[in-house]
Amino acid sequence: MQMSRKYQIDLTPVKIGLGLVILLLLMNIALGAMFGLNEDMFQNFIHAGIAAHPWVFSNPDQAQEIIWRFVQRAHFHAGGIGAFTLGLIILTAISDMSDRRKKVTSILLGLDIFYPLAWYVVYLYAPSVGYEGAHHTILAELFTDIGVGALCLGLLSLIHVLFWPKQA
């Protein structure tokens, strides 16, 4: 005799966070597809930027490779962080948090979408301002701070509920 169990998880409180994570995973897929379909578009963008700003780079060939790694990092982080965060949001959904806290926690977790976007911003700026300049643009620093900070806060909220549950 087989027993059938039906588990129902109410995803309503975590929908915004899930939406952000789905966007993050779509970013990963889109970048991967664009690399496969037209990697030259990325390489040509980098080459044109370096050629237009030769005084910024002492070794243009090395610069081409380093800047190419920045856009790859955006792709890799979007996939890795997206998968990791999807799991955290599902844990949030099945936890005994209040619906309001689930919503806030999942949004905080979902805001980690900004970290891979920071790497993409660095890729966009690096051909014209160099590596250091690109890392220190206001947009790259803001996206990094939002992505990492929100992830840490969301993770702390989840850890608190999982390991220090309410006292009876």
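The values are calculated or read from the model by the stated rules, or taken from the named source; none is laboratory data. Since we're looking at a predicted model, the values are computed, not measured. Don't worry about glycine lacking a Cβ; one is built from the backbone with ideal geometry, like all the others, and counts go over all protein chains shown. Areas reflect the complete protein model, heavy atoms only, side chains present, ligands, DNA and RNA absent. Shrake-Rupley method; radii C 1.70, N 1.55, O 1.52, S 1.80 Å.
Numbers below:
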read-out	value
Cβ charges +1 (Lys, Arg) and -1 (Asp, Glu), total dipole of the chain, debye	940
Degrees, to the nearest 10: 15-52 long Cα axis against longest axis of the chain	10
Ser128 versus Ile159: modelled label distance in nm, points set 7 Å from Cα along the beta carbon direction	4.0
Among Leu20, Leu11, Leu111: highest mean-square fluctuation, GNM of the chain, C-alpha pairs under 10 Å	Leu11
Under 18 Å from Lys102, Cα to Cα: aspartates and glutamates that are on another chain or at least 8 residues apart	Asp10, Asp112
Accessible surface of the chain, 1.4 Å probe, proportion on carbon and sulfur as whole %	65
Gaussian network model of the chain, springs between alpha carbon atoms under 10 Å - residue of Ala48, Ala150, Ala74 with greatest fluctuation	Ala48
Given charges at Cβ of Lys, Arg, Asp, Glu: segment 1-73 dipole, positive-most of Trp68, Ile46, Met34	Met34
Lys166-Ile22 pseudo-label distance in nm [points 7 Å out on the Cα-to-Cβ vector]	3.0
Rough spin-label spacing in nm, given labels placed 7 Å along Cα→Cβ, for Ala33 and Thr12	3.3
Under the Karplus curve 6.51 cos²θ - 1.76 cosθ + 1.60, θ = phi - 60°, whole-Hz ³J(HN,Hα) for segment 159-164, x wherever Gly or Pro sits	4, 4, 6, 6, 9, 10
Mean ellipticity per residue at 222 nm, deg cm²/dmol - from DSSP H runs of n ≥ 4 across the chain, formula -39500 (n - 2.57)	-28000 deg cm²/dmol
